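Q: Dumping the structure here so I can ask a few things about it.
The values are calculated or read from the model by the stated rules, or taken from the named source; none is laboratory data. Being a predicted model, the structure only gives us computed values, none of them experimental. Virtual Cβ from ideal backbone geometry, glycine too; neighbours counted across all protein chains shown.
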Amino acid sequence: MGFDLNRHWQDPSPWAHPTLHAVKQLIVQMNQDPRVSLEFYIDVHAHSTMLNGFMYGNVFEDEERVQRQAVFPRLLCQNASDFSFSNTSFNKDLVKAGTGRRFLGGLLDDSSYCYTLEVSFYSYDRWQHGARA
């Protein structure tokens, strides 16, 4: 059908986007259940032009929440030689408004963290982290 499913989170069609519709309904249902704590949403993508792994995160008014959201990507950078915090970006671009990260970042409460993890199609830059030949 030619849909970019990651742009239809705001209003997925049960007919055109059945899996996305079902996942969204499940997350909304879980979010309303006081026995469930949704702490992370991570959407995994392959990136066609950049090297290394990196993340996209959301931007919030609350500076403390902004800082808390940066902890996970920083930990990845410290513990995975192929992850780049310097390529990680926190934004609220309008073109990304329909993505899972943006939609769920606005839906879930302040204790939830929503990211897009991008992983290079190509490889990683081992020199970025000071690796030796």
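Q: Can you list the helices (runs of 4 or more DSSP H) found entirely within segment 1-119 that contain at least 1 residues being surrounded by fewer than 10 Cβ atoms within 10 Å (Cβ to Cβ)?
A: Fully inside segment 1-119 and qualifying: 18-32, 63-79.
Q: Checking D82 against (1) in contact with a Gly (Cβ under 7 Å, 6 or more places away or on another chain); (2) under 24 Å from P12 (Cβ atoms), only one condition comes out false. Which one?
A: Among (1) in contact with a Gly (Cβ under 7 Å, 6 or more places away or on another chain); (2) under 24 Å from P12 (Cβ atoms), the lone unmet condition for D82 is (2).
Per-residue answers, yes or no, for (1) modelled with pLDDT of 85 or more; (2) touching a helix residue (DSSP H, G or I) at 6+ places or on another chain (Cβ under 7 Å); (3) more than 17 Å from V44 (Cβ to Cβ):
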| residue | (1), (2), (3) |
| --- | --- |
| G100 | yes, yes, no |
| Y113 | yes, yes, no |
| V119 | yes, no, no |
| A131 | no, no, yes |
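Q: Another one. Which ones in segment 46-104 are within 15 Å of the chain's Cα centre (by Cα) and small (G, A, S)?
A: Result: A46, G53, G57, A70, S84, S89, A97, G98, G100.
Q: Give the number of residues within segment 3-38 that are within 17 Å of G106 (Cα to Cα), free of Cβ contacts under 8 Å to residues at least 12 places away in the same chain and of a type in the set (S, T, N, Q).
A: Summing the residues that are within 17 Å of G106 (Cα to Cα), free of Cβ contacts under 8 Å to residues at least 12 places away in the same chain and of a type in the set (S, T, N, Q) in segment 3-38 gives 3.
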